[in-house]
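To start, the structure under review is shown below, and the notes come after it.
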Amino acid sequence: MKKAFIYLTIISLGFILACEKNITVKPPVYKNKVSIQGFIEPDSIPIIYFNHTVPYFDKAVKKNQLIVRNAQIAISSSNSTDFLKLDSIFDKIDCQYNFFYRGHNKIQRNTKYNLSILADGKTYTASATTDLGAPVIDSTSYVTNYNDLYGEHEGVIIYFKDVSNQTNFYRYEMKRSADTSTKKAEAPIVSTCLGNGTIQVNEIGRAVFNDVGNEGKQLKIVIEPAYSHKKGTKGDIYIQSFDKNAYDFFAQLDRQKLAQYNPFIEPVFLQEGQFGNAAIGFFAAKQNSSFVTFIYPE
Amino acid sequence: MLTRFKKLVWLVLLLPTLAFAQKTTISGYIKDANTKEALIGAAIQIPKLKIGATSNQYGYYSLTFPTADTTAILISYNGYQPVAKQIVNKKSLQVDILLQQANSTLNEVVVNANRNEDNVKKAQMGVIDIPIRAIKELPVLLGEHDILKTIQLLPGVQGGQEGTTGFYVRGGNLDQNLIQLDEATVYNPSHLFGLFSTFNVNAINSVKLIKGGFPSQYGGRLSSILDIKMKEGNKTKFVTEGGLGLISGNLTFQGPIQKNKSSFIISARRSYIDLFLKQISKTTTYRFYDINAKVNYELGKNDHLFISVFKGNDDAAYTGANSLNYGTNFGNSTASLRWNHLYGNKIFSNTSLIYNDYHLQLGTAQNSYYQVLYTGIKDINAKTDFTATPSTKHTIKFGANYTYHTLYPGAISAKIPKKGNKVAINPDSLTKRYSSEAAFYVNDDYQLSENLSVNYGVRIPVFNASGKTYTNIEPRITTRLSLNKSTSLKASYTQMNQFVHLVPSSTASLPADIWLTSSNKIKPQTSNQVALGLFKNFKDNEIETSLEVYYKTMNNQVLFKEGTQILLNTNLDNVLTFGKGKSYGVELFIKKNFGRLTGWASYTLSKSTQQFPDLNFGNSFPSSYDRTNNLSLAASYELTKTWTLSADLVYYTGKPYTLPAGKVLVYGDGSLYDNYYYDYTNRNNSRLKAYNRLDISFSNKKQAKLFKKFPYEREWVFGFYNVYSRANPYFVYLGVDPATKQPQAKQVSLLPIIPSVSFNFKF
């Protein structure tokens, strides 16, 4: 009797083993938009990423399926107009081409540029001015354990000087090499295109920072590296400075990713930016700092 | 001073009676003849004059009528044999009336010649008395009878997550329900991850839900009042009853301290599930207990003292599906000291001192993230309420209420550290938030004529926190127009204010709510509700029906801002966003009170929306507790004198949740995550699959003899929860197929078919 009671209890507590299964959900109605992402930086050729957005459950995830072809894209200043052409570069890690529109003329400093895109009968416009000063990296270091909004993680610490007399927005960039032994976000890089060689990767921090309350002062940021490293792994660190349009865009992406992974956070909707409700994205000026070589101590 | 006050009160209250001469007032208590337990809501009527009254929550009644040589009065109460009495020409009379319980419901058709017809005769709307018998007979999860599960089957009430005791009334959030046990607020009325309520049915006398047309004595919440009264204890003999279920056992002991004058009841429940879980799981532990105790003493004819205490506590940890982990420790403690006093035979007063202490420490983890939250609430409450019946036509209630709140909330939400050292919250380190809440009210239930009555009043709440004071005037009115003897039309308007807020998380699958009080930044929630209802009884009140429509607007609703990640040093006032809500619907209720088949059917068609300037692009969206269709059937059928079959069937539209509509590719190598971002177009734009479930139970109840010598009443209950084992959705989360890189939706379900058996006894 006692045993029967115990068995019945165990059966009755079957709910402890919650059931989990894949389901098909009715996709929400979605009207496709476009996304426009482009920085202009003095002394660089402008590049604009111009893609379709797709319904969330759409099978189109390859970059060649998302690129908007046959768009007329122009970046003009008071002096000149540059018509951008569709171009691509092969990404060995993703094993697919990245598509973008590339200009011909280098961007000038302290100049206002207007972006104009004509595609599928619609026009998208925005402007940006290349008047940002370059931040200066003072020093770098490394910490094995750091706690912040993103949890406990190792960190690359960068001290840099805020550009005075400007409202500035920053993020981190590291150029380094990687191979198949490198892990990205703790997952091995699996790519049939990479072979045994090494490639240059451009690691860009998702977090963005502003200089509110720290005008002209030294700032400290701690970045969780995306790619794994060994003792002696080298990388060139930059601090990107860009304008508010880019900051607003990347700040909401960062908050959205946090909410996407943390089930205790309310979802973050992408708000209208420079292009209104017609397109998602930004067109912004950027200015990189000079690089500092960083060597991982472990 | 007291004498002058009494005179003044009398003068005010007797003004309405001056126009009449020669009145007789009878008053007293209506009690169970065997236990001397107060009968709440018993009807006392004078059929010839077509007037009547009902006993209040302490069993007290007072009825004034024109003096005659003899007057016949009839006293009735559901499940009891009615009593008829003759009143001979007297000016006033104090009579305690004892009613005998009907032996079996099989005989009730005969004995209930005159049944309670409050639902058509009183100017009250949205009020449902839930018979304890119904709560005890309905099929239950794991053999545990549950008040709140029964509440979820009522019209206008929606259950929360699968299996939980949370309930939502007419589009309001959980915090908009004031749950009171002997007038003490119970902030978290749940056990076992919210699967059971903390209320031990054996210790409960009455349960009343008010969801609209609130009389002025009630306030402080926007959507409902759940008024639960504990038994007083048997005043004539010692009684022991208890039960053994699959997960817990309970024992109730009651009896006289001084026969017919004072009594006690003590009831305790404790889970033993932890003993079994030790054998099968190291990651899941569970332990809960609750204790109810009450003592009452009649100090004299006019004074009655009650002391009641309640303590419940849970300590649990649960590791289930990959995406779900949970650990909690929480408890409620309440203590009430109440004093009833009669001023003559027309004024009844109750003065209470109440203390409650609630704490919740909750740690939840889902995927690689965790949240720890702590809420501590301590309330000290003093209140005094008067009920005066100066004439046949008026029942006037007035009083005052003061509560001193101390809240200390805190929360952390973060990624689980690699070494697993999650941050803990030390309650002593949390900033305490102090506030005062007072309210004054007056309410008159006025019988304008036999066919027309109005219940009207006003409540004035005053709230102060951190130097900021909020006050308001809340008008309340409910009217009743009788179309014929068994049909009435009613309408009501109420305005409510609420100064404590439970900020809900719309995304978390497990409870992640934080209590806060109003402050400089958090304005009080307010609501305006209008309702219209048609009430009709059939077959001499055997069947009650009602059709109510309501429209409710709610202001200063609180939600977290998008993307808010709370850290220990986060000022919670700064991460909130405020908006408004709206709810409207139609509720149909059919209830059969007597006979072998009893039960009810309820159907609600409703819509609840919210609108926040900072959310959903400022557009209106379905609230998280919006359920378009909500159908509940609950029935109990006496197969024989010993066997009863009970069943309930529940169906409701699935819970809304937010799905991304589109995705956006964002270039930028090296991000810690993939480069696809969500394009949300509407909040709560998708719904979980509709929920439905059938539960059944068989009970066998009869008199037996222990060792063939000692008589006792015993009951076996065999039940099946979710008979057809439907995998109802608990929540849905999104992932990406690692092979195809395609998004996937995963549904987590709890509670398949669950058999149960329990044994109850009484001697």
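Laboratory data are not the source of any read-out in this text; all were calculated from the coordinates shown. No experiment lies behind these values; they were computed from the predicted model shown. With ideal geometry, Cβ positions are generated from the backbone for all residues, glycine too; neighbour counts draw on all protein chains shown.
Observations, loosely collected:
- Loop-located GluC sites (Glu not before Pro) across segment A:191-290 with a Cβ neighbour count of 15 or fewer within 10 Å are A:215, A:272, with loop assigned by DSSP.
- Summary of packing: across the peptides A:38-49, A:110-121, the per-residue average of other C-beta atoms within 10 Å ranks them, highest first, as A:38-49, A:110-121.
- Segment A:258-277 residues near the modelled residue A:244 label - backbone nitrogen below 20 Å, point 7 Å along Cα→Cβ: A:270-277
- The residues B:519, B:308, when put in order of fewest to most other Cβ atoms within 10 Å, stand as B:519, B:308.
- The C-alpha atoms of chain A occupy a region whose extents along the principal axes are 93, 51, 46 Å, arranged from largest to smallest.
- Distance in nm between pseudo-label sites at residue B:520 and residue A:26 (7 Å out along the Cβ direction from Cα): 4.8
- If the chain linking residue B:424 and residue B:736 were pulled fully straight, counting 0.36 nm for each residue of separation and taking away their Cα-Cα distance, it would gain 109.1 nm.
- Listed pairs B:31/B:122; B:122/B:229; B:415/B:655; B:231/B:641; A:184/B:746; B:50/B:582 exceeding 30 Å between Cα atoms: B:50/B:582
- Available extension along the chain between residue B:472 and residue B:70 is 139.9 nm, counting 0.36 nm per residue and deducting the alpha carbon span.
- With neighbours defined as other Cβ atoms within 10 Å of a residue's Cβ, the residues A:253, B:588 order from fewest to most as B:588, A:253.
- For segment A:214-231, the Karplus equation 6.51 cos²θ - 1.76 cosθ + 1.60, evaluated at θ = phi - 60°, returns couplings of 10, 3, x, 8, 7, 10, 10, 10, 10, 10, 7, x, 7, 9, 5, 8, 10, 4 Hz by residue, with Gly and Pro reported as x.
- Karplus-derived 3J(HN,Hα), 6.51/-1.76/1.60, for each residue of segment A:154-160, Hz, glycine and proline x: 6, x, 8, 9, 10, 9, 8
- Dipole in debye (nearest 20) - segment A:41-85, about Cα centre, beta carbon charges: Lys, Arg +1; Asp, Glu -1: 360
- Take each residue of peptide B:752-759, count the partner chain Cβ atoms within 10 Å of its Cβ, and average: the result is 3.
- Computed helical MRE - 222 nm, chain B, DSSP H runs ≥ 4 contributing -39500 (n - 2.57), nearest 500: -1500 deg cm²/dmol
- For chain B, a crude dipole built from +1 on the beta carbon of Lys and Arg and -1 on the beta carbon of Asp and Glu, taken about the Cα centre, is about 1200 debye to the nearest 20.
- Using a 4.7 Å Cβ-Cβ cutoff, the cysteines of chain A lacking any partner cysteine are A:19.
- For residue B:615, net neighbour charge (Lys/Arg +1, Asp/Glu -1) across residues whose Cβ lies under 11 Å away: -1
- Chain A: calculated mean residue ellipticity at 222 nm from DSSP helix runs of at least 4, using -39500 (n - 2.57): -3500 deg cm²/dmol
- Net length gained if the chain between residue A:295 and residue A:96 were fully extended (0.36 nm per residue, minus Cα distance): 68.6 nm
- Environment charge of residue B:700, counting only residues whose C-beta is closer than 12 Å and scoring Lys/Arg +1, Asp/Glu -1: +1
- Fewest neighbouring Cβ atoms within 10 Å first, the residues B:701, A:33, A:220 line up as A:220, B:701, A:33.
- Around the amide H of residue B:220, modelled in the peptide plane, lie the amide H atoms of B:497, all under 5 Å away and 5 or more residues distant in sequence or on another chain.
- Pairwise Cα distances in the protein assembly as shown exceed 43 Å for 45 percent of all pairs.
- Rounded FRET efficiency, nearest 0.05, which uses the C-beta distance separating residue B:744 from residue B:208 and R0 of 56 Å: 0.75
- Compared with the dominant principal axis of the Cα atoms in chain B, helix B:2-14 is inclined by about 80°.
- Partner shielding of B:613-624 amounts to 1, given as the average count of beta-carbon atoms from other chains within 10 Å of each residue beta-carbon.
- Lysines whose Cα lies under 17 Å from that of residue A:220, excluding same-chain neighbours fewer than 8 positions away: A:161
- Around the amide H of residue B:78, modelled in the peptide plane, lie the amide H atoms of B:116, all under 5 Å away and 5 or more residues distant in sequence or on another chain.
- Around residue B:491: net Lys/Arg minus Asp/Glu count, Cβ-Cβ under 12 Å: +1
- With contacts taken as Cα pairs under 8 Å at a separation of at least 6 residues, chain A carries a relative contact order of 19 percent.
- Shielding by partners for peptide A:172-180, expressed as the average number of C-beta atoms from other protein chains within 10 Å of each residue's C-beta, is 1.
- Nearest-0.05 FRET efficiency for residue B:582 and residue A:19, computed from C-beta distance (R0 41 Å): 0.70
- With the largest listed first and rounded to whole Å, the semi-axes of the equivalent ellipsoid of segment A:162-281 from the Cα gyration tensor are 29, 21, 14.
- Whole-Hz Karplus values for segment A:195-206 come out as x, 9, x, 10, 10, 7, 10, 10, 8, 10, x, 7 Hz, taken residue by residue from phi with 6.51 cos²θ - 1.76 cosθ + 1.60 and θ = phi - 60°; glycine and proline positions read x.
- Residue list for segment B:360-380, given a label point 7 angstrom along the Cα-to-Cβ vector of residue B:329 and an amide N cut-off under 19 Å: B:360-365, B:371-378
- Estimated FRET transfer efficiency when R0 is 56 angstrom, pair residue A:64-residue B:696 (beta carbons, to 0.05): 0.45
- A simple spin-label model places the labels of residue B:532 and residue A:271 4.2 nm from each other, with each point 7 Å out along Cα-to-Cβ.
- Dipole magnitude (debye, nearest 20) for the protein assembly as shown, charges at Cβ of Lys, Arg, Asp, Glu: 2920
- Label positions at residue B:454 and residue B:95, each projected 7 Å from the Cα along the C-beta direction, are separated by 3.3 nm.
- Nearest 10 degrees, 0 to 90: helix A:244-261 Cα axis against chain A principal axis: 10
- Top positive-direction residue, dipole computed over segment B:553-667 with Cβ charges, set B:595, B:558, B:624: B:595
- Inverse mean reciprocal Cα-Cα distance (Kirkwood Rh) of chain B, Å: 27.4
- Counted over all Cα-Cα pairs of segment B:555-621, pairs farther apart than 19 Å make up 57 percent.
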